[in-house]
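Read the structure below first, then the notes.
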């Protein structure tokens with residue numbers, strides 16, 4: 001009887017007002033992570049030079065299905081639409097707020113969708129925290145609409161795995177997989193999940209999610225077929241393994257901030273140690289775990305490797321700029337999904353729904369997991385990015401308007417420098433008018 005009551009209490013939701021406060025925190029806190037010029041006064045590279053510029057150059061709805069870099073990013077195009085009518089000085093703040101709101105929604109989705117798999121709310125909350133405050137998220141995935149596609153892609157596996165099958169849940173899961181499919185061509189990696197769970201469960205909910213994903217993939221394939229794909233660069237298996245070991249496993253274990261000194265000071269032995277610790281961790285957690293969490297965890301672990309190798313190898317390891325003894329902040333967007341999937345695998349093994357969660361290793365593991373997530377998020381909370389040096393969007397737009405638009409025709413297009421300073425966005429002078 002006591003164990004039944006314990007299992008029921010473990011599935012309780014947080015009070016709505018607590019959930020509301022946590023959601024607000026998930027929106028606000030990421031905005032504060034960038035030192036230097038603030039995130040809401042700077043604009044990420046493609047946010048301005050591609051999406052804002054194209055939305056302002058013509059009817060923004062006319063470019064919704066325009067591809068970029070060889071594939072469709074429908075969600076990003078939709079988020080850029082309001083910039084065609086917003087006062088220009090507000091654009092940076094809007095883009096930052098839109099980006100962190102997508103992240104907060106994705107975190108809430110993971111928290112909710114993990115019910116039925118992960119028993120207690122503190123573990124689900126810790127997992128959701130990694131989506132918005134994780135060590136690698138701040139560098140390329142915070143306060144930007146461009147890289148919000150990587151956040152949606154990272155949480156999409158939970159849309160297929162989830163056992164939440166109410167009408168509202170199915171709608172939420174379908175929305176996530178549709179935007180994942182139409183956000184990046186890498187969503188093809190999720191096809192086995194969609195098909196496998198639809199066939200294995202044979203439920204209307206799983207079939208609906210799979211069909212919705214298929215519709216999104218069909219739209220994406222049309223875009224891929226009609227847009228040239230940029231060629232990849234050269235690859236090195238050694239660099240790929242080092243990058244995965246350091247930036248995925250290392251970030252999962254100790255966070256992003258210590259990795260610079262560890263890599264430049266010690267080098268590849270750090271990678272070997274990260275692999276050994278991770279292997280030992282999962283061997284320990286898999287022992288005596290139930291078959292259900294074992295299978296789900298193994299699936300997520302395998303996908304974590306695939307989700308890293310495919311984009312990194314396709315882009316070319318030489319493009320990453322990562323080499324022995326040289327640390328780089330580049331391409332952390334490639335690590336978001338692998339890290340979240342590995343953390344999800346840990347959570348499934350230490351906090352399954354069932355009697356296996358009473359194992360001593362699981363009991364201790366839950367405490368360690370929560371403490372570790374808190375520590376790595378605190379250590380890496382303030383993280384410099386390429387936007388930290390500015391320039392300030394509000395100051396730059398005012399300066400360009402005064403210098404280049406005064407007395408000029410309203411339809412004259414001028415370039416406004418964004419961050420980093422070798423990128424810019426072209427806007428008409430009448431959009432800069434005070």
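The values are calculated or read from the model by the stated rules, or taken from the named source; none is laboratory data. All of these numbers come straight from a predicted model, not from anything done at the bench. Cβ atoms come from the backbone with ideal geometry, glycine included; neighbour counts cover every protein chain shown.
A few remarks follow.
- Some residue of the range 178-200 being buried (at least 18 other Cβ atoms within 10 Å of the Cβ), under 20 Å from residue 309 (Cβ atoms), in contact with a strand residue (DSSP E or B) (Cβ under 7 Å, 6 or more places away or on another chain) and assigned by TED's automatic domain parsing to the domain that holds residue 278: yes
- Matching entry among 26, 48, 98, 107 (being surrounded by 24 or more Cβ atoms within 10 Å (Cβ to Cβ) and modelled with pLDDT of 95 or more): 107
- Test: residue in the range 350-362 that is in a helix (DSSP H, G or I), without any contact (Cβ under 8 Å) to a residue 12 or more places away in the chain and out of contact with any helix residue (DSSP H, G or I) (no Cβ under 9 Å at 6 or more places or on another chain): yes
- Condition met for residue 43 (under 23 Å from residue 421 (Cβ atoms), touching a helix residue (DSSP H, G or I) at 6+ places or on another chain (Cβ under 6 Å) and not in a helix (DSSP H, G or I)): yes
- Lone unmet requirement of (1) closer than 29 Å to residue 30 by Cα; (2) free of Cβ contacts under 8 Å to residues at least 40 places away in the same chain; (3) part of a strand (DSSP E or B) for residue 414: (1)
- Taken residue by residue, the range 46-56 has at least one member that is under 30 Å from residue 258 (Cα atoms), assigned to a helix (DSSP H, G or I) and in the same structural domain as residue 252 (by TED's automatic domain parsing).
- Qualifying residue in the range 268-285 (condition: under 30 Å from residue 69 (Cβ atoms) and not in a helix (DSSP H, G or I)): no
- Residues (under 16 Å from the mean Cα position of the chain (by Cα) and assigned to a helix (DSSP H, G or I)) located in the range 145-174: 148, 149, 150, 151, 152, 153, 154, 155, 156, 157, 158, 159
- Sole residue being surrounded by fewer than 16 Cβ atoms within 10 Å (Cβ to Cβ) and under 19 Å from residue 380 (Cα atoms), chosen from 284, 234, 264: 264
- Qualifying residue in the range 402-411 (condition: assigned to a helix (DSSP H, G or I) and touching a strand residue (DSSP E or B) at 6+ places or on another chain (Cβ under 7 Å)): yes
- Here residue 336 clears all of (1) buried (at least 17 other Cβ atoms within 10 Å of the Cβ); (2) within 26 Å of residue 31 (Cα to Cα); (3) not assigned by TED's automatic domain parsing to the domain that holds residue 308 except the condition numbered (3).
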